[in-house]
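The structure is given below, and queries will be raised subsequently.
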Amino acid sequence: MFNCFLSHFASKSMAGSAALFPYPTLSSHSHRSLSSASASLFKPYTVASRHHVSVANSTLSVFSFGFTHSTSPTFLAMASPNAHPMLPPYNVLITGSTKGIGYALAKEFLKSGDNVVVCSRSDERVRTVVQSLKVEFREQHVWGTACDVRNAEDVKNLVSFAREKLKYIDIWINNAGSNAYSYKPLVEASDEDLVEVVTTNTLGLMICCREAIKMMVSQPRGGHIFNIDGAGSDGRPTPRFAAYGATKRSVVHLTKSLQAELQMQDVKNVVVHNLSPGMVTTDLLMSGVNTKQAKFFINVLAEPAEVVAEYLVPNIRSIPANGSMKPTYIKFLTGLKAYSQIFSRLAFGARRNRYILED
Amino acid sequence: MAAVVKLHVFPESLSQHKTRLLRGLGSCPSPGVLGFGRNCDGFSVKECRAFRTEDGGDVKEKKFRTLKKNGVKAERQSGFWSSLKSILLRNFMVGSKSDDEYRQAVVRVEEVLSSIAIQIGRYIVTMMSTGFILSIGFQMSGGDSQMDALIWYSWLGGIIIGTMIGANMVLEEHCRAGPRNVVITGSTRGLGKALAREFLLSGDRVIVTSRSPESVQETIKELEENLKEGIANAVGSSLTKLSQAKVVGIACDVCEPHDVRRLANFAVKELGQVDIWINNAGTNKGFRPLLQFSDEDIKQIVSTNLIGSILCTREAMRIMRNQAKAGHIFNMDGAGSGGSSTPLTAVYGSTKCGLRQLQGSLLKECKRSKVGVHTASPGMVLTDLLLSGSTVQNRQMFNIICELPETVARTLVPRMRVVKGTGKAINYLTPPRILLALVTAWLRRGRWFDDQGRALYAAEADRLRNWAEDRARFSFTDAMEMYTENTWLSVFSLSVVCAFIILSSTGNTLPGT
C-alpha cells in the first residue's frame, strides 16, 4: 500500500514541481482577493463611521451606498445641485423635548453649538426647561413654546414661532410620543389611554410631518425630518403595549411612504429619516418594569438618555454636514450590539441589576 | 369516524349536508387524486405501478360510487320512508295526542333514521366497491402471497385516506351548521354591506353599524328585503336555516369609546353572544400626497382605522371573554399591511401597517383565552374607498386585479364562519388568484372600466339581481381553495402509503436474495 502510494507520488513528482507551483500563487491570489474583498468590505464602514452614517438596515444597501460613496463622493455632490453641505450651526426643532430623550437631544445639540426650539404640551414645563438651558448655555440659543402635537393649530403655531425666531429649520425631530405610562393587556386599557397613545404617536406625528415638509420645501437650505421609532417598529409583537407598538410600526411605515412620496414629487431638498434610540431609561420605559423579563431586558439593553443622545446627535448632524440627501435609519441599538450585550450578560453576568434590582 | 358521523346527524342540516358532500366529493379529489386515478388506464402488470393505480383507483372509485349512491338513495328513501310515515301516522292516530305533534315527532324520527340509513348505505357501498377492486387485484396477482399482502396494504391505505377525507368533510360540515352571531362595523356601504348580506344569507344573525342612523335603517331595510327574497327562493333545509337569520343595527362611530361600548352592549342584548366581530370600518379620503390632506382628513383616517379598530377589538375581547363560546375578531387588512410603502395614501397605509402590529401583539396577549384574533384581507375591492380620487391609469390597473364586493364577500364569509383557533389570515387574493389575474390580464382589460375610466359594471341593485341567480351556481375556484388542504393531505398520505408498500415489498424480497 505504501509502495503504491510512493510510486504514485514519484510519477507525480515530475509534474509536481510544476503542479506545486500554482498552489502558492493560487493561495496568494486568493489571499489578495480576500484582502481586497475585506478592504472593500471595510471601506464602507470607514466611510460610514467617518460620515457617522449607519445606512439603512439591509446589508445590501450598506454595500451599494458605501461603494458609490467610497468611489466618488465628490461626483455625487456635483451630480445633485441640492447636495451641497449645510453649514452649522443648525436650527433644530424637537417635539416633546422637556424630558426624557427629547431633552437629552436638545442639550446635546446645544452643546454642539446649534440653535434649538423646544416644545411640549405644558407651557410651564417649557418655560422651566428653557430657563435652565439658557443658564447652562449662556447665549441665546434656545427658544421654547407650548405645543400639543395632536392639535393641528398648535403645530401650525409652532411652525410660525420657529420661523419668527429662527427663519428656517434644518433638523426637525418628531420625538413626542406617549404610552400613557401604562403597560397592560389591551382588554384592560382605558379609553383615554388608547386614544392618547394613538393620537399622539400617529396623528400628531403625521401632522408634524406634514407641517415640517410644508415648511422645509420652501426653504433654500431644505431640511431633514427625523421620526423616532420605538418598540414594535421592527414588527416584533409588543404584548402589554399593543397600541403603542401599533403606532410605532405605523411611524416607520409612514416614513417609508413619505420617502416614496417625496421621490415621486421630485422633492430633492427635504428628506425624511428614521431615528431609533433603542431602549432609553426614560419614564416611558421605566413605567413598564413589572415583569422579570422586562427587568432583564432593561438592565441589559437600556441606556440613559444622555448616552443615547451623545451617540445620536453627531450622527444626525453629520447628515446635513455631508449634504447627503439619502434617507437613513440611524440606530443606536443595532442588532449586533443587542446580541453581544445579551451574550455578555448571559456569559459573564454583566449589567446585572444595572438600573433595577432583579431578584 | 363513527362518532364523528353521529355528530352531524342533525335533522336540519341533512339535505344541505348532502348537497355539500356531493359538491365536495365532486370537486375535492379531482385536482390531486385524479392524477393517480388516471393511471388506471395503463393498468400494467408491473408490480409497483400496479399497486399505485390500485390505490388511486380505489379512492376514486369509492367517491364515484358514493356519489351515485347518494342519488339513488334519495329516490329510494322517499318511497320507503313515506310509507313508513303513513304507517306510523295511522297507528298513532287513535291516540289522545294531537295530529300536529305526531306529525312533527314523526318527521323528526324520519329525518334521524334516514340520515343513519344514508350513512350505513354509504359504508356498505364503499366497502363493496373496495371489495370489488380488491377481488380484481387478487385475480390479477394470480395467487402470489406476496402480491396479495401488498394488495391488502394498498386497500388499507385507501380506506385510511378515504376516512381522513371523509372525517374532515364531516367535521367541516358540522362546523358550518348553526347560525353565527356577527357584528360588522362600517357595514352600510361597500364591502361591509356585502359581508353582512352574505352572512345573512348563510342564516346568521347580523348587526350592522355605521356612523349615521339613517343609513343604518336603510341598510337594515334593504338587507331584510334580500333576506325575504332569499326565503322566497329557498327550499327545504335552507329555509329552516334562513328562518333563524335576522338583521338589526345601531349607529356607532367607531372612534367614540362610548359608541363602541353601546354597540357591544347592544350586541349582547340582541344576540346573547357574539361569535364573529369584524372591524371593517375604514376610510381613505383619496389618493394624494400628505401635504394635500387636511387636518380633518388625517384625523378621520387615523381615528377610524386605528383608534376605531383598537377600541372595537378591545370591546369585542371584553364581551367574548365573558361568554361561554369562543369568539373571533377580524381586522381588515389593506394596502400597506405587508410593510411596503404606500405613497399617495401614506396615512391610510401606515394605519393599516399599525394594525398588523396590533394583530401580532394581541396574538401574544390572547394566547390562552377563548378569543381568536384574525386578519381578513379582501384584496382590492371596487368600493368608494378605492375609487374616490383614483385616476384613469389607476382604473386600468383595477381592471386586472379588482373584484366586486359581493364576489369577495362570497369567498370570505364561508371561511370566516368556520374559522378555528387564532391568528388565521383569510385572504381573498391568494397566489393562485393573483396568478390567474396576471395570466388573464389581457382579457381583463375592459372588465370594470373603459379607456376613459368610466364604470362599466352594473349598479348594486342590478348586480344583486343577477347575483342571486348566480349564487346557486357552483364556483370551481372556491371549491378548490376550500378543499385544497384536504387534497394535499390525501396526496401526501397516498404517497406515504405507496412508499410504505414499496419499502415493505423490497423488505420481503431482500432476505430471498
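Once each part is reduced to its C-alpha centroid, what is the distance from segment A:324-338 to segment A:107-156 in angstrom?
The distance from the Cα centre of segment A:324-338 to that of segment A:107-156 comes to 26 Å.
Quick one: Kirkwood hydrodynamic radius for segment A:115-203, alpha-carbon pairs, angstrom, one decimal?
Computed over Cα pairs of segment A:115-203, the Kirkwood hydrodynamic radius comes out at 14.7 Å.
So, one more: So, in Å, what gap is there between the alpha-carbon centers of segment A:192-216 and segment B:226-287?
Each part reduced to its Cα centre gives a spacing of 33 Å.
In what order, largest first, do B:Met140, A:Met325, B:Met416 sit by accessible area if the probe radius is 1.4 Å? Spell out each step's value before the answer.
Details: B:Met140 100, A:Met325 50, B:Met416 0 Å².
Result of the area sort, largest leading: B:Met140, A:Met325, B:Met416.
Ordering B:Arg108, B:Arg314 by how much accessible area each has at a 1.4 Å probe, largest first, what is the list?
B:Arg108, B:Arg314
Just name one of B:Cys312, B:Asn233, B:Ile301: the one whose Cα is farthest towards the positive end of the charge dipole of segment B:199-348 (beta-carbon charges, Lys/Arg +1, Asp/Glu -1).
Value computed over the given set: B:Cys312.
Using per-residue counts of other Cβ atoms within 10 Å, averaged over each peptide, order A:199-211, B:147-159 from highest down.
On the way: A:199-211: 25.8, B:147-159: 19.2.
Ranking, from highest mean packing down: A:199-211, B:147-159.
Based only on Cα atoms, what Rg/Rh ratio does segment A:277-320 have, Rh being taken as Kirkwood's radius?
On the Cα set of segment A:277-320, Rg over Rh gives 1.11.
With charges only on Cβ, +1 for K and R and -1 for D and E, what is the dipole size of segment A:292-359 about its Cα centre, in debye, rounded to 20?
Dipole of segment A:292-359, to the nearest 20 debye: 180 debye.
Using just the C-alpha positions of segment B:181-237 as equal point scatterers, what log10 of I(q)/I(0) does the Debye formula give at each q in 0.13, 0.24 1/Å?
For segment B:181-237 at q = 0.13, 0.24 Å⁻¹, log10 I(q)/I(0) is -0.30, -0.90.
Can I ask one more? Using 0.36 nm times the number of residues separating B:Asp144 and B:Glu224, minus their current alpha carbon distance, what extension gain do you get?
Stretched fully, the B:Asp144-B:Glu224 segment lengthens by 22.0 nm.
Quick one: what are the phi-derived ³J(HN,Hα) couplings along segment B:190-206, Karplus 6.51/-1.76/1.60 with θ = phi - 60°, whole Hz, x for glycine and proline?
With the stated coefficients, segment B:190-206 comes to x, 5, x, 5, 4, 5, 4, 5, 5, 4, 4, 6, 8, x, 9, 9, 10 Hz.
Same structure, new question: Please give the charge dipole size of segment A:166-232, origin at the Cα centre, charges +1 on K and R Cβ atoms and -1 on D and E Cβ atoms. Round to the nearest 20 debye. Before the final figure, lay out the partial values.
Details: 5 positive and 8 negative charges, 107 e Å.
Roughly 520 debye, rounded to the nearest 20.
Would you tell me the mean number of C-beta atoms belonging to other protein chains that fall within 10 Å of each C-beta in B:311-324, as a whole number?
Working: counts 7, 0, 4, 10, 2, 1, 4, 3, 0, 1, 1, 0, 0, 0.
Rounded to a whole number, the mean comes out at 2.
Rounded to a whole number, what is D in µm²/s for segment B:284-367 from Stokes-Einstein with the Kirkwood radius over alpha-carbon pairs (37 °C, 0.692 mPa s)?
On the way: Rh = 13.9 Å.
The estimated diffusion coefficient comes to 236 µm²/s.
Another question, then. Other chains near B:335-341: what is the mean number of their Cβ atoms within 10 Å of each residue's Cβ?
4
Tell me which residues come under 5 Å, amide H to amide H, from A:His273 once H is placed; ignore anything under 5 positions away on its chain.
A:Ile225, A:Phe226, A:Asn227
How long are the semi-axes of the equivalent ellipsoid of segment B:366-473, defined as square roots of 5 times the Cα gyration tensor eigenvalues? Whole Å, largest first.
Taking √(5λ) for each Cα gyration eigenvalue gives 29, 17, 14 Å.
Pairs A:Lys295/B:Lys370; A:Lys326/B:Lys299; A:Lys326/B:Lys367: which exceed 31 Å Cα-Cα?
In this structure, A:Lys326/B:Lys367 exceed 31 Å between Cα atoms.
With every protein chain present, what accessible area does B:Met164 have (1.4 Å probe, heavy atoms only), rounded to the nearest 10 Å²?
70
Moving on to the next point. I'd like to know how segment B:165-323 sits against the 2.2 N^0.38 Å rule of thumb: what's its Cα Rg over that expected value? Please report the intermediate quantities before stating the final value.
Details: Rg = 17.5 Å, N = 159, 2.2 N^0.38 = 15.1 Å.
In units of the 2.2 N^0.38 Å rule of thumb, it is 1.16.
Loop-only trypsin sites (Lys or Arg not before Pro) in segment A:237-279, please: DSSP not H, G, I, E or B, and at most 16 other Cβ atoms within 10 Å.
A:Lys268
What average number of partner chain Cβ atoms lie no more than 10 Å from the Cβ of the residues making up A:189-198?
Mean number of neighbouring Cβ atoms from other chains: 4.
Also, I was wondering about something else. Here are some pairs, B:Lys325/B:Lys420; A:Lys167/A:Lys214; A:Lys256/A:Lys331; A:Lys184/B:Lys352; which of them have Cα atoms lying more than 18 Å apart in this structure? Mind dumping the intermediate values first?
On the way: B:Lys325/B:Lys420 12 Å; A:Lys167/A:Lys214 14 Å; A:Lys256/A:Lys331 16 Å; A:Lys184/B:Lys352 23 Å.
Cα-Cα > 18 Å for A:Lys184/B:Lys352; rest within.
Between B:Thr440 and A:Arg127, what's the calculated FRET efficiency when r is the beta-carbon distance and R0 is 56 Å? Round to 0.05. Could the numbers behind the result be given before it?
Details: r = 66 Å, r/R0 = 1.19.
The formula returns an efficiency of 0.25 here.
Additional query: Stokes-Einstein D for segment A:136-187 at 20 °C, 1.002 mPa s, Kirkwood Rh over Cα pairs, in µm²/s?
156
Convex hull over the Cα atoms of segment A:172-231, averaged projected area in nm²?
Dividing the Cα hull surface by four gives the mean projection, 4.3 nm².
The values are calculated or read from the model by the stated rules, or taken from the named source; none is laboratory data. Predicted, not measured: the structure shown is a model, and the values here were computed from it. Using ideal geometry, Cβ is built from the backbone for each residue, glycine included, and neighbour counts are taken over all protein chains shown. SASA here: full protein model, heavy atoms, side chains in, ligands and nucleic acids out. Shrake-Rupley method; radii C 1.70, N 1.55, O 1.52, S 1.80 Å.
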